[in-house]
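Inspection log for the structure reproduced underneath, given as structure tokens.
The values are calculated or read from the model by the stated rules, or taken from the named source; none is laboratory data. All figures in this text were calculated on a predicted structure; none of them were measured in a lab. Reconstructed Cβ throughout: ideal geometry from the backbone, glycine too, with neighbour counts over all protein chains shown. When the accessible area is computed, the model is the full protein with side chains, heavy atoms only, and any ligands, DNA or RNA have been set aside. Shrake-Rupley method; radii C 1.70, N 1.55, O 1.52, S 1.80 Å.
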Amino acid sequence: MKVTLNWLKQYVDFDWSPEELTERLTMLGLEVESVQKTGGEFDGVVVAQVVTKDKHPNADKLTICKVNDGKTERQIVCGAQNFKPGDKVPLILPGATLPAKPGEKEPFTIKVGKIRGVESHGMMCSHEELGLEPEKLGLKREVGLLILREDAKVGQPFAEYLGRAGGDVIYDLEVTPNRADWNSVIGIAREIAALNGNKLKIPDIKLVETRSTASQTSNRKDGDAVERVPTASELVSVRIEDPDLCPRYTARVVKGVKIGPSPDWLRSMLEKVGIRSISNVVDVTNYVMMEIGQPLHAFDYHLIAKGKDGKPTIVIRRARAGEEFITLDGQKHQLTTDNLLIADETKGIALAGVMGGQNTEIKDNTVDVLIESAYFSPTNIRRTSKLLGLRTDASYRFERGADIDINDWASARCAQLILETAGGQLAEGIVDAYPQPVEPREITLRHQKVNELLGLNLKPEGIEFYLGQLGLKTVKRKARPVGAEAVPEPVTFRIPTFRVDLKREADLIEEVGRLYGVDRIPSTPPRGALGANAFDAVHDQIAEARRILSGLGLNEAQGQTLVSSVECRVSSAEVVALANPLSSDMDVLRPSLLPGMIHSLQHNVSHKNYDVALFEIGQVFNTKEGKQADSHLFFEKPRLAIALTGRRALPFWSGDDRDAKFDAYDLKGLLEEFFDQFGLRGTAFARRAESTSLFLESATISLGNNQIGEFGQLSPALAKKYDLRDAVLLAELNLDLLLARRNPAKSFKSLPQFPAIRRDVAMLVPEATSHDAVLQVVRQTKPANLETVELFDVFRGKNVPAGQKSLAYAFTYRAVDKTLTDAEANAAHAKVVEALKAQLQATVRE
């Protein structure tokens, strides 16, 4: 939502600086995304008229022009060719400065100078030189000078011609979805008025109905009869077939308008807030929408088909299944019965609350105009806008909840401005189809509750003053019981219909807090607070996991909770489907973190970042056992995922393994280091014998009798689908189990005082024998003084029988209280070797 400082000041008096207004709006809850100051950039630029145009004697592509700047004629040398004598153009006078162009450091100052021997006193400008978009000004884009309209006044400052005289400040505001009333200039001005106590100045509407405007009657002689304009009810009828989707629809008719460009003030105001000027009538509807927040639409009255009563009939109905409709943007849409149409007796003429149709649009030859001002169901507008992919200023406001009571006022305001800008005669009255008028909501407020929740000591009259400033009216007070303490009685407020967000007592208390000033509310600790919560410990442990993983060289990723069901087919878990998904790419809750991690890798690789190491901690969602996949009952579980691809280390000019890529051992080693630092002891890895739908090769990770996760290499077919050229290593862990089995306590021992003895053993074992199996035998044997066991070689090939492999281990023995003898080390080592032979069918190699 864009609004300007000068526009706001039309409705409320305040003397805040632009910076102070930014701060106050922010404290009211209106986030100011950007502030743009206008004016001053066209100093020294005026509207001029070309008088003569002659060839330059010394240059074929230059001309010498006499130009009238409103005070004198001056000579200008010009290189453009798209103009002729009589055209009006922007002229920058000597001494004025043009802003620096892209790539230039300094602005360009115009001076009196000679061009090919001929003096030039200024420069006629193009739209590029002025930094303007001709289309937004209602002008034609040309190569050369910016040609202004014929009604431009010679000598007028160009900033004034654009409606930017005196400068202005444009605020781009982020409006929260619940505050529909902030989608209007008057709505924001009402907040300012509530804050500073000044009166909100709503424009007075004085309609001249059934009479010609002054411009049309000035030549009428006394005694001439004035042609009677029929009333609105005689000119149009309205029939609402679905009042649930359209509770109210109003129509006014203005006859005899003259379609043309908007006056400067109107065009400029719309351009400042980002709306392109189209014509006077259409611009008025947009102006009133921005002013009061009520979207309007203007139809060409004579393009609406007549009904049985002989007059044009507006029918508000659901579209028929498969009915086609062409909107103003030229797009053809196929509608469903969920879409609401504004129609006549033969055809649809507008997509209700979203966009009008080409078949009744305002054109240059339009004479009579029908003004629509209505209220439409927010849910239906949101559904239609999303289904058809049409996002308009009107749908944006309707789907957040417009003000049903403002329809008549907005229609009258629109009619008033059309008469001022396009002339014509206004038919008397209004056709107002309003089957079931809406009663304003009422909310009861307890004064003591306000102070309890805000931690303040406000007086009842102060509380009621704040709410009164927002337009809330007191309607009744509850009687105090006999003998009760002298405390203020609860008071009931009638909520204005433009405040669709106020629904309960807490909402009113929030409004009091906003106007009192959130920054003025004291910070006090809650009574009875324990100061700690069980969740704090979980949060701290997860933070510790993040610290460890970052220290291991991983970057944290953050994936989407909503993902595509197609991407989840590789997961064995039942997915939780959404009843009303935003799109086919976001139709289920993620059952695993891995699809999101793969997307993160793809995003990095597509941006030529091929070496990626990521982790993510987040929630996954699975259906409860025995329930259908679309059940509303589901589990939410925390998970930890890791993803690696590309090179394991950044390249170094002297490195031998500068192109070494991540493999499964890198991921396994990273997991082991993480477990060790996180306080998990006794984890075991078990390789899967076969591939899965997700992994080419993989292994499970267990802790005791519980499987805590899995890891492996992504299937090359899937990797290719996501344009991942290198091997992709993935792991996903059950974070609940990690936290439950974690033992962060650390033990320390003194450095060894006595030397160690190393014994190596190389043995042939069956191919299926794992490293964990060897370690398990060693642990069960419990050799005396054994300090470490290290696998340092695996060999297959020459002199190794088929179906076997050679494993070489280094065993380190050390006593803590003496120097170990060879005999003692040999005895312990022989015990280990015999156990390996007996339990693993190992053959020790000499």
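Checked against (1) under 24 Å from G293 (Cβ atoms); (2) touching a Phe, Trp or Tyr at 6+ places or on another chain (Cβ under 7 Å), F42 passes all but condition (1). Filtered by the rule that a residue be more than 14 Å from P783 (Cβ to Cβ) and touching a strand residue (DSSP E or B) at 6+ places or on another chain (Cβ under 8 Å), segment 811-846 gives D822, K837, L840, Q841, A842, T843, V844, R845. Quick check, is I326 among the β-branched types (V, I, T) and crowded, with 21+ Cβ neighbours inside 10 Å? So I326 does not fit the description; no.
Against the definition (modelled with pLDDT of 95 or more and either open to solvent by 80 Å² or more (accessible area, probe 1.4 Å) or at negative phi (or both)), how does T812 come out, yes or no? I'd like the intermediate steps shown before the answer.
Working: modelled with pLDDT of 95 or more: yes; either open to solvent by 80 Å² or more (accessible area, probe 1.4 Å) or at negative phi (or both): yes.
When the stated conditions are applied, T812 passes them.
Just give me the residues in segment 97-114 being at pLDDT 85 or above and either touching a strand residue (DSSP E or B) at 6+ places or on another chain (Cβ under 8 Å) or not in a loop (DSSP other than H, G, I, E, B) (or both), in sequence order. Correct list: I110, V112, G113, K114. Applying the condition of being outside any strand (DSSP E or B) and small (G, A, S) to segment 40-96 and asking which residue is nearest to R149 (Cα to Cα) yields G86.
Please find, among A660, A684, the residue that is open to solvent by 30 Å² or more (accessible area, probe 1.4 Å), at pLDDT below 90 and in contact with a strand residue (DSSP E or B) (Cβ under 9 Å, 6 or more places away or on another chain). Break it down into steps so the answer makes sense when it comes.
Values: A660 fails: open to solvent by 30 Å² or more (accessible area, probe 1.4 Å).
The conditions single out A684.
Where in segment 115-210 are there helices (runs of 4 or more DSSP H), lying wholly inside it, with at least 1 residues that are touching a residue at least 60 places away in the same chain (Cβ under 8 Å) and closer than 23 Å to L470 by Cα? Spell out how you get there, then give the answer.
Values: elements: 127-130, 158-161, 185-196.
In segment 115-210, the matching helices (runs of 4 or more DSSP H) lie at 185-196.
Scanning segment 545-585 for residues that are over 21 Å from L714 (Cβ atoms) and open to solvent by 50 Å² or more (accessible area, probe 1.4 Å) turns up R546, R547, S550, G551, T561, E574, L578, A579, N580, L582, S584.
Residues in segment 242-256 that are open to solvent by 30 Å² or more (accessible area, probe 1.4 Å) and hydroxyl-bearing (S, T, Y): none. Considering L582, L562, L593, L589, the condition of being of a type in the set (A, V, I, L, M) and closer than 20 Å to V728 by Cβ is satisfied by L593 alone. Of all residues in segment 4-15, those that are under 16 Å from G167 (Cβ atoms) have Cβ atoms under 7 Å from Cβ atoms of residues that are of a type outside the set (S, T, N, Q) and surrounded by fewer than 18 Cβ atoms within 10 Å (Cβ to Cβ), 6 or more apart or on another chain, in L5/P18.
Annotation: R499 fulfils all but one of (1) at pLDDT below 90; (2) under 31 Å from the mean Cα position of the chain (by Cα); the unmet one is (1).
Scanning segment 329-361 for residues that are surrounded by fewer than 19 Cβ atoms within 10 Å (Cβ to Cβ), under 23 Å from T250 (Cα atoms) and under 27 Å from the mean Cα position of the chain (by Cα) yields one hit, D338. Taken over segment 338-359, the criterion of being at negative phi and among the small types (G, A, S) is satisfied by A343, G348, A350, A352, G356, G357.
Kindly indicate the residue of segment 666-681 that is free of Cβ contacts under 8 Å to residues at least 24 places away in the same chain and not small (G, A, S) and also least open to solvent (accessible area, probe 1.4 Å) among those meeting that condition.
Going residue by residue through segment 666-681, those that are free of Cβ contacts under 8 Å to residues at least 24 places away in the same chain are 669, 672, 675-676.
Filter once more, keeping what is not small (G, A, S): 672, 675-676.
On the way: E672: 80, F675: 2, D676: 81 Å².
Here the answer is F675.
With the requirement that a residue be surrounded by fewer than 15 Cβ atoms within 10 Å (Cβ to Cβ) and modelled with pLDDT of 85 or more, what does segment 156-177 give you? Matches in segment 156-177: E174, T176, P177.
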